[in-house]
Amino acid sequence: MPTDEAAAPGPNIQPDVQPDTDPETHPDTSTGRLRSAVNRLVHAMRKDGAVTPGDRASLRRQRPGEPGGPVFWKIAARYLEPADLLPPVASQRRDGAERQWAVVLAAIAELADFHRTGPGHRLGRVLADRDVSEARVLRLLRAHDEALLDTVRDVVHQLASSGARVDLADLANLVTSDGTDWETDVRRSIALDYYRSHGA
């Protein structure tokens, strides 16, 4: 039976923080921190109220790919920076990372109630199970930068409208790996999951 990691109490879900590790060169460590942070955010939205329904609405309304407002900064300070998921403020990569996380947070705000973990809820499999077209999946997997952010928003709306239960960490990993050395591995994994289920 698939597990629902998001249902675990918030204090027991701690990010695997290694301050001396550069997430750009250690994808396994970065992915672990990302998954923990996504689970904590889902728990905060669904269970403990740290991210309120009003906060979720604000995240969904923010301009696409443009972080801003107290809710985004609160989440950045409380969840993303402690998990070492944002570059330092002075880094040239910071603006791009914030734009990526603005889209990820909007997706989590929209799909938090449908977040599930386990093999049956991997993003590629869910895209196949929900009959997302091959053309749209290929656009998602080939897109970069702003085109990726736009395509992710379209896919999120489609998943939300169908009530798809999906592992949101896979979606976050797709967005935040864009432009890294391991983006190909992330996209390959999603593609394989999709084609293993598509038309089966």
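For this structure, a couple of remarks:
- Candidates 152, 132 - the one that is farther than 24 Å from residue 62 by Cα and surrounded by 16 or more Cβ atoms within 10 Å (Cβ to Cβ): 132
- Check on residue 46, part of a helix (DSSP H, G or I), under 25 Å from residue 161 (Cβ atoms), of a type in the set (Lys, Arg) and open to solvent by less than 70 Å² (accessible area, probe 1.4 Å): yes
- Count of residues meeting criterion [under 18 Å from residue 38 (Cα atoms) and open to solvent by 30 Å² or more (accessible area, probe 1.4 Å)] in the range 155-173: 1
- Among the residues making up the range 158-186, those that are under 14 Å from residue 108 (Cβ atoms), of a type outside the set (Ser, Thr, Tyr) and part of a helix (DSSP H, G or I) are 159, 160, 168, 169, 170, 171, 172, 173, 174, 175.
Quick grid of which residues meet (1) touching a Gly at 6+ places or on another chain (Cβ under 9 Å); (2) of a type outside the set (A, V, I, L, M, F, W, C); (3) at positive phi; (4) at pLDDT 95 or above:
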{"residue": "26", "(1), (2), (3), (4)": "no, yes, no, no"}
{"residue": "29", "(1), (2), (3), (4)": "no, yes, no, no"}
{"residue": "51", "(1), (2), (3), (4)": "no, no, no, no"}
{"residue": "60", "(1), (2), (3), (4)": "no, yes, no, no"}
{"residue": "77", "(1), (2), (3), (4)": "no, no, no, yes"}
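- Subset of the range 67-102 (residues that are under 14 Å from residue 145 (Cα atoms), in a helix (DSSP H, G or I) and open to solvent by 30 Å² or more (accessible area, probe 1.4 Å)): 95, 96, 99, 100
- Residue 112 being among the hydrophobic types (A, V, I, L, M, F, W, C) and either at pLDDT below 95 or buried (at least 16 other Cβ atoms within 10 Å of the Cβ) (or both): yes
- Residue count for the range 135-149 satisfying the condition of being surrounded by 13 or more Cβ atoms within 10 Å (Cβ to Cβ) and outside any helix (DSSP H, G or I): 1.
- Any hit, the range 129-140, residues being under 18 Å from residue 31 (Cα atoms) and of a type outside the set (Lys, Arg): no
The values are calculated or read from the model by the stated rules, or taken from the named source; none is laboratory data. Everything numeric here is computed off the predicted structure, so don't read it as measured data. A quick note on method: Cβ atoms are made from the backbone with ideal geometry, for glycine too, and the neighbour counts reach across all protein chains shown. Side chains included, ligands, DNA and RNA excluded: accessible areas come from the protein's heavy atoms. Shrake-Rupley method; radii C 1.70, N 1.55, O 1.52, S 1.80 Å.
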